[in-house]
1. Just to be sure, is residue 107 under 15 Å from residue 151 (Cβ atoms) and either small (Gly, Ala, Ser) or at pLDDT 85 or above (or both)?
2. Any idea which of (1) open to solvent by 50 Å² or more (accessible area, probe 1.4 Å); (2) touching a residue at least 12 places away in the same chain (Cβ under 8 Å); (3) not small (Gly, Ala, Ser) is the one residue 110 doesn't satisfy?
3. Here are the criteria: (1) closer than 20 Å to residue 25 by Cβ; (2) more than 18 Å from the chain's Cα centre (by Cα). Tell me which single one residue 164 does not satisfy.
4. What are the pairs with Cβ atoms under 7 angstrom where one residue, in the range 171-188, is at negative phi and in contact (Cβ under 8 Å) with a residue 60 or more places away in the chain and the other, located anywhere, is outside any helix (DSSP H, G or I) and open to solvent by less than 60 Å² (accessible area, probe 1.4 Å)? Sequence gap at least six, or different chains.
5. Within the range 17-36, identify whether any single residue is outside any loop (DSSP other than H, G, I, E, B), surrounded by fewer than 21 Cβ atoms within 10 Å (Cβ to Cβ) and more than 20 Å from the chain's Cα centre (by Cα), and answer yes or no.
6. Would you point out which residue out of 121, 134 is of a type in the set (Phe, Trp, Tyr), open to solvent by 40 Å² or more (accessible area, probe 1.4 Å), within 19 Å of residue 67 (Cβ to Cβ) and modelled with pLDDT under 95?
7. Does at least one position in the range 87-96 carry a residue that is under 25 Å from residue 175 (Cβ atoms), at pLDDT 95 or above and crowded, with 19+ Cβ neighbours inside 10 Å?
8. Taking the range 161-184 on its own, how many of its residues are surrounded by fewer than 17 Cβ atoms within 10 Å (Cβ to Cβ) and in contact with an Asp or Glu (Cβ under 6 Å, 6 or more places away or on another chain)?
Amino acid sequence: MPSLPFDTRVDRLGHLTVLARRFYDVWWVYVGADTRPNIIDAMNRFPEFFRFDEHANFVSLVTHLASLFENRNDTINFESLIAEAEKDGLISDDRIADAKSALSSVSHLRPKLAILRSNLFSHRSKSLSYEAAFDKAAITPNQFRDLTSAGLTIANALLVGRGQREIFFTKTTASQTLKMLQTLKERS
C-alpha cells in the first residue's frame, strides 16, 4: 500500500508526540515525589483503578515514545520523516537542522526505550524480570520528559516547515488529574 501523504504523517507525528506528553504528565502526577504524598490517600480509596491507570499511562508513554523514536521506514517516526523531508527537499535546511539536532540530543535514550518496549510491553521477555529490564534500560523520569520535549521540537520543525500549525503541550491533563484527586480526597 502507498504511504499516507507526507503532511498527513507529519500531522499524526505531532498528535502522537502530544499524546506521549499527556501520558507522561498523568503518570508523573501519580508517581512524582512532589505530588504523590498529597494524593496517595485519594488514590488509596480506589487502589485497583489507580494501580491500573498508573501502569496504563506508563505503558502508553513508553510505547508511543518508542514508536516515535524507532528507525523504520514503514512507520510514522521522527527519523524516517526527517530523512524523507531532507531527501525530497520538503522543508528548509534550517528546519531539517533543527529537527536533526533535537533528535541527536536524545539519541543516547533511544535504545533505552527499545529495551523497555521490547522486553516488557510489546513483547514479554522470558529471560528478563520486570525489574531487570528497568535496570538494563537505566532510564529516568526526567529522561522520558526530555524525550517528549525533543519530540515536540522535531514535530514543530516538520510541521512549521510544511506550513502547518505549531503544536504545544498543555498543562490541563496534569492539572485536571490533580483536581480530580483533590475532589476525591475532599469527599473522603
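The values are calculated or read from the model by the stated rules, or taken from the named source; none is laboratory data. Values in this document were obtained by computation on a predicted structure and should not be read as measured data. Cβ: placed from backbone, ideal geometry, glycine included. Neighbour counts: every protein chain shown. Just the protein is used for accessible areas: all its heavy atoms, side chains included, with ligands, DNA and RNA removed. Shrake-Rupley method; radii C 1.70, N 1.55, O 1.52, S 1.80 Å.
1. On the way: under 15 Å from residue 151 (Cβ atoms): yes; either small (Gly, Ala, Ser) or at pLDDT 85 or above (or both): yes.
It is true that residue 107 is under 15 Å from residue 151 (Cβ atoms) and either small (Gly, Ala, Ser) or at pLDDT 85 or above (or both).
2. Against the list (1) open to solvent by 50 Å² or more (accessible area, probe 1.4 Å); (2) touching a residue at least 12 places away in the same chain (Cβ under 8 Å); (3) not small (Gly, Ala, Ser), residue 110 comes up short only on (1).
3. (1)
4. Filtered contacts from the range 171-188: 178/35.
5. Yes, some residue in the range 17-36 is outside any loop (DSSP other than H, G, I, E, B), surrounded by fewer than 21 Cβ atoms within 10 Å (Cβ to Cβ) and more than 20 Å from the chain's Cα centre (by Cα).
6. Numbers: 134 fails: within 19 Å of residue 67 (Cβ to Cβ).
Going through 121, 134 in turn, the sole match is 121.
7. Quick first cut of the range 87-96, residues under 25 Å from residue 175 (Cβ atoms) only: none.
No: zero hits.
8. Total meeting the criteria: 1.
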